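Here the structure is laid out as structure tokens; the discussion comes afterwards.
The values are calculated or read from the model by the stated rules, or taken from the named source; none is laboratory data. Just so it is clear, the structure is predicted and the values come from calculations on it, not from any experiment. All Cβ positions, glycine included, derive from the backbone under ideal geometry; neighbour counts span all protein chains shown.
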Amino acid sequence: MHFTYTATTKDGKTISGSAEAANKQALLSLLRKQGIHPLLIEAGKGKSKASSLFGAKKKVKLADLVIFTRQLSTMISAGVPLARSLAALQGDSASPYFREVLSGVSKEVESGQPLGDAFSKYPLVFSDVYVNMVRAGEEGGILDEILKRLATQVEQDASIRKKIKSAMMYPVVILSVTIISFFGIMLFIVPKLGGILTSLGGPKAKLPIYTQILLDFSKFCSKPTILKPLHIPIISSIPNLILILLLAIVASIYLLRYVRTDRGKYQLHALLLRIPVVQTVILKVAIARFSRTFASLMGSGVSVLDALDVTGAALGNKVIEAELQAAAVEVKNGKQLSEPLSHSKHFPPIVAQMLMVGEETGQIDTVLVKIADFYEEEVAVLIDGLAAIIEPIMIIFLGAGVGLIAASVMGPIANLSKNIGGS
């Protein structure tokens, strides 16, 4: 979320500014760590220079973030001072926006800010998980090791996202082409063919029901019937299809805005968890991400409650996040994490059982990494299988649609031609 604030500094000066933060409490915590006392915080006024209606304008590629993280880990292990390491990596980055971000981070570190706090000022680049793991590494004196783990984790996330995007690319393209082609046929081809049918059989010619439906739908799309009663020349002349598309675009914009609210996200994520195949993919991805992130945080010395809070926000699903928050309450009351997860609606029993073994042996991070490896492999196999199945299914539907349109038009033409020839 984007916030604007008015605050006072340690020396009594009043300042104003804006920042991105997960919520108001997160921004309060960030400002207080910087020695700034907020007087007024308002949400949603103005836009971040890195965001717009349809998402971030400026992004850093995950590949660039992985390279930066690994290089920073290597330089810190070699004893290079942090500020000098950041300055060197800033010059090596190929992304102008990332160089801008690293410049800001370098200035914060040179002024005495911890690296984790400097990263937290750029939430579009460094996630909550990334920032908290860096903070844990700084506190434990193992920042180089933490950065190595982070690079591995970012690589795994990037690999899963790439597989999902590549699997979805083909069906999205085919579906888009099919929809555009269908409405093009309805607007430009079917009306002419309807004229041919009328000239061959006359206005009272009996046509098959599917042909008549096709012709009626084509007429509805091309004629401005809905807005005629308004008697506004420009608006009344808009074809119904264009009007429907405009309304769909407006509705989509408002839907996107609603989905970005906490309530909208929760409802969307709950809906996705009810769709059979999508549910399986989402759950496997969430479990893999939970296992790897929680293991990394625990291995970094972060407390269970803090690790649950950060991990929940990194899962990408509000329903599962709410379930982890409920589990955190039980952990706070003295229970082991494996106990509430054993009654979970979304986490399979094997996760709770292996977590219990990790709790008993004191090797939670080791056990969870094995779970993450298993489910990441499951996700890869599942997505590859879906990609192989989706292609023939889309071809069948596309062929069926083309065949139906051809049969609706060419069949009556052939019948009417025979009748004319017979007469």
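Checking each residue of the range 269-281 against the condition of being exposed (fewer than 14 other Cβ atoms within 10 Å of the Cβ), modelled with pLDDT of 90 or more and not in a helix (DSSP H, G or I) gives at least one match. Scanning the range 89-115 for residues that are of a type in the set (Val, Ile, Thr) and in contact (Cβ under 8 Å) with a residue 24 or more places away in the chain yields Val101, Val109.
Taken together, the criteria place Asp64 among residues that are over 23 Å from Thr8 (Cα atoms), modelled with pLDDT of 85 or more and within 21 Å of the chain's Cα centre (by Cα). Specify the residue that is surrounded by the most Cβ atoms within 10 Å (Cβ to Cβ); the eligible residues are those in the range 343-372 that are among the small types (Gly, Ala, Ser) and more than 28 Å from the chain's Cα centre (by Cα). Among them, the one singled out is Gly358.
Quick check on Glu391: is it at pLDDT below 85, of a type in the set (Asp, Glu), within 23 Å of Val278 (Cα to Cα) and crowded, with 16+ Cβ neighbours inside 10 Å? In short, no. Evaluation of Ile371 against the conditions (1) at pLDDT 85 or above; (2) farther than 19 Å from Arg149 by Cα; (3) of a type in the set (A, V, I, L, M, F, W, C) shows that the sole unmet condition is (2). As a summary of the residue check, Glu376 satisfies the conditions (1) surrounded by 18 or more Cβ atoms within 10 Å (Cβ to Cβ); (2) of a type outside the set (A, V, I, L, M, F, W, C); (3) under 30 Å from Thr261 (Cβ atoms) except for the one numbered (3).
Given the options Leu386, Leu382, Leu404, name the one that is of a type outside the set (Asp, Glu), in a helix (DSSP H, G or I), at pLDDT below 85 and over 30 Å from Leu315 (Cα atoms). Walk me through it before giving the result.
Values: Leu386 fails: over 30 Å from Leu315 (Cα atoms); Leu382 fails: over 30 Å from Leu315 (Cα atoms).
Criteria check complete, one pass: Leu404.
Filter the range 178-188 for residues that are among the hydrophobic types (A, V, I, L, M, F, W, C) and surrounded by 12 or more Cβ atoms within 10 Å (Cβ to Cβ) and give the result. Let's see the steps before the verdict.
Just the residues of the range 178-188 that are among the hydrophobic types (A, V, I, L, M, F, W, C), to begin with: 179-180, 182-183, 185-188.
The answer is Phe182, Phe183, Ile185, Met186, Leu187.
Candidates are the residues of the range 31-61 that are modelled with pLDDT of 70 or more and in a helix (DSSP H, G or I); the one that is surrounded by the fewest Cβ atoms within 10 Å (Cβ to Cβ) is Arg32. Do the conditions hold for Lys192, that is, is it buried (at least 16 other Cβ atoms within 10 Å of the Cβ) and basic (Lys, Arg)? Here the answer is no, as Lys192 does not meet what is asked. Within the range 312-338, if we keep just the residues that are free of Cβ contacts under 8 Å to residues at least 12 places away in the same chain and farther than 16 Å from Ile287 by Cα, the residue that is surrounded by the most Cβ atoms within 10 Å (Cβ to Cβ) turns out to be Glu330.
Within the range 201-260, the set of residues being at pLDDT below 70 and assigned to a helix (DSSP H, G or I) comprises Gly201, Lys228, Pro229, Leu230, Pro233, Ile234, Ile235, Ser236.
Among the residues of the range 104-142, what is the count of those that are under 29 Å from the mean Cα position of the chain (by Cα) and of a type outside the set (Ser, Thr, Tyr)? Of the residues in the range 104-142, 21 are under 29 Å from the mean Cα position of the chain (by Cα) and of a type outside the set (Ser, Thr, Tyr).
The residues on offer are Ala327, Ala307, and the sole one that is under 17 Å from Ser127 (Cα atoms) and within 27 Å of the chain's Cα centre (by Cα) is Ala307. Pairs are defined by a Cβ separation below 6 Å, a sequence spacing of at least 6 or placement on different chains, a first member in the range 207-233 that is closer than 16 Å to Phe188 by Cβ and aromatic (Phe, Trp, Tyr), and a second member that is surrounded by 13 or more Cβ atoms within 10 Å (Cβ to Cβ) and modelled with pLDDT of 70 or more; the pairs so defined are Phe220/Asn240.
Pairs are defined by a Cβ separation below 7 Å, a sequence spacing of at least 6 or placement on different chains, a first member in the range 366-393 that is under 21 Å from Phe347 (Cβ atoms), and a second member that is charged (D, E, K, R) and assigned to a helix (DSSP H, G or I); the pairs so defined are Val369/Arg292; Ala372/Arg292; Tyr375/Lys284; Glu378/Lys284; Val379/Lys284; Ala380/Lys163; Leu382/Lys284; Ile383/Lys163.
If you check Leu175, Leu193 for being more than 30 Å from Arg32 (Cβ to Cβ) and more than 24 Å from the chain's Cα centre (by Cα), only one passes: Leu193.
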